[in-house]
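Accompanying notes for the structure given below.
Only the coordinates and a few stated rules stand behind these numbers; no lab work does. On a predicted model such as this, the values are computed, not experimentally measured, just so you know. A quick note on method: Cβ atoms are made from the backbone with ideal geometry, for glycine too, and the neighbour counts reach across all protein chains shown.
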Amino acid sequence: MNYLKAFLLLVASAAILSAAESLAQKASKQRLEPIPADRQALFSYINDENDPITDDKVELGKKLYFDPRISKSGIISCNTCHNLALGGVDGVETSIGHLWTMNPNYLNAPTVYNSVFNKVQLWDGRSSHLEIQAQAPIQSEAEMAASSELVVARIVSIPEYVADFKKAYGNDVNITFEKIAGVIGVFERTLITPSPYDDFLNGDEKALSKAQKEGFEVFLKKGCAKCHYSIALGGTMQPFQVAAKYKFIELGDFRGDKYGMVKTPTLRNVAETAPYFHNGQIWSLKDAIKEMGSVQLGIKISDKEADKMVEFMHSLTGRKPTITYPILPPSTNKTPKPDMN
């Protein structure tokens, strides 16, 4: 009798293992990739030979990311709208910028976490690199409203920043606006969050709960991975409103790029990044899933199916890198003063 119980237990365990393996195989066939578990492989993935990641660059980029002096008013930093303590977002429908200005297109701030994996940046995909993307919000009148000249003047007026740039790039470095935005991008490349989902795809069959595996099955069967694929689980340009009209499309004037294509947001940490959609009109992850089923897939996703997918999406909440808030160098008499106009 004991031998029979042991045999049945072995068969059951093998069945569970087989199911887990088959689910990982299904994911692979739908172009889903995990964040590499190997540190060297991951570094190769996020590094850019044109501006290699170094500790000095990351530390300098972090300071500038948190420094509000790169905004015209001196009170808005990159972290204001992409708060690293709040899943890399600001948690409001549309971001608030210079002089308490709402985004004129009523656009929601996407998460900065894992943005290195996106093929394109910004909702209309007009930037392909984080280093270039960082230039846009700094100069936007509705966001940080700082001219490139003002940003450079503020940074070069602070001796510690000049020393930091020399340490990171060499004594002959030319501190340009592009270099300032670029080193912020270097820091942002390190903001990656491996999750239980990645652990599962990397071979740990126990990384996901039974409910999360069931939700993953539904996610794959419904066709969600047609847009939310690759290591980013999004981050590419896709047509929007394929099957039906988004019910909040009239709020704001954003309609995508000139071809009507919209950057698919990453699903990584999605349980932490409400509200959803480009204009932040849906606060419930379950409701967002059902709306996407209608708008993009032309199907009705039941409450039960949506609940299962929510369970799966919680497995995409990743382990955040430890970020020590930097002590910023003091301004000098030469530092241009904050401008609230």
With a cap of 16 neighbouring Cβ atoms within 10 Å, and only residues DSSP puts in a loop, list the GluC sites (Glu not before Pro) found in the stretch 200-282. E205, E250
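When ranked by the protection proxy of mean other Cβ atoms within 10 Å per residue, highest first, what sequence do the peptides 87-98, 325-336, 235-246 form?
Values: 87-98: 20.7, 325-336: 12.3, 235-246: 15.8.
Listed from highest to lowest mean packing, they are 87-98, 235-246, 325-336.
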May I ask for the distance between the Cα centers of the stretch 146-165 and the stretch 236-312, given as a whole number of Å? 40
Using θ = phi - 60° and the Karplus curve 6.51 cos²θ - 1.76 cosθ + 1.60, what whole-Hz ³J(HN,Hα) does each residue of the stretch 227-235 get, with Gly and Pro shown as x? 10, 9, 10, 6, 5, 7, 6, x, x
Quick one: dipole size for the chain, taken about the Cα centre, charges +1 on Lys/Arg Cβ and -1 on Asp/Glu Cβ, in debye to the nearest 20. 700
Enumerate by residue number the trypsin sites (Lys or Arg not before Pro) in the stretch 84-176 meeting two conditions: DSSP loop (anything except H, G, I, E, B), and at most 15 other Cβ atoms within 10 Å of the site's Cβ. K119, R126
Only helical DSSP H runs with n ≥ 4 go in: add -39500 (n - 2.57) per run for the chain, normalise by residue count and round the 222 nm mean residue ellipticity to 500 deg cm²/dmol. -11500 deg cm²/dmol
C-alpha long axis of helix 210-222 to longest principal axis of the chain, angle in °: 80
Nearby lysines by direct alpha-carbon distance to K222 (threshold 16 angstrom, same-chain neighbours under 8 apart not counted): K26, K29, K213, K286, K290, K300, K304, K308
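Where a ≥ b ≥ c are the square roots of the eigenvalues of the C-alpha gyration tensor, would you call the stretch 43-188 rounded, which needs a/c under 1.5, or, failing that, prolate if a/b is larger than b/c, or oblate? Walk me through the numbers on the way to the answer.
Working: a/c = 1.89, a/b = 1.25, b/c = 1.51.
It is oblate, given that a/c is not under 1.5 and a/b is not larger than b/c.
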Label model pair K167, T101: point-to-point distance (7 angstrom along the Cα→beta-carbon line) in nm is 3.5
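What number, in nm² with one decimal, is the all-direction average of the projected area of the convex hull of the alpha-carbon atoms of the stretch 201-245? Before the final figure, lay out each step's value.
Working: hull surface 16.8 nm².
Computed as one quarter of the Cα hull surface, the answer is 4.2 nm².
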Calculated FRET value between A271 and Q30, using beta carbons and R₀ = 25 Å, to 0.05: 0.75
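Starting from the Cα gyration tensor of the stretch 205-341, take the square roots of the eigenvalues, sort them a ≥ b ≥ c, and report rounded, prolate or oblate (rounded when a/c is under 1.5, otherwise prolate if a/b is larger than b/c, else oblate). Working shown, then result.
Working: a/c = 2.60, a/b = 1.46, b/c = 1.77.
Oblate.
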Given a Förster distance of 22 Å, report the FRET efficiency between E205 and S44 from their Cβ-Cβ distance, rounded to the nearest 0.05. 0.25
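Per 0.36 nm of contour for each residue apart, how much would the distance between D56 and V92 grow if the chain were fully extended, relative to their Cα-Cα spacing? It would help to have the intermediate numbers written out before the result.
On the way: separation 36, 0.36 × 36 = 12.96 nm, distance 3.31 nm.
Extra length from D56 to V92 when fully extended: 9.7 nm.
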Compute the long axis of helix 2-29 from its Cα atoms, compare it with the longest principal axis of the Cα atoms of the chain, and write down the angle in degrees, 0 to 90, nearest 10. 40
The list (1) 30, 56, 14, 0; (2) 29, 52, 17, 2, 0; (3) 25, 43, 22, 8, 1 gives values of P(r) over Cα pairs in 20 Å bins from 0, in percent, and only one came from this structure; which label was calculated from it? (2)
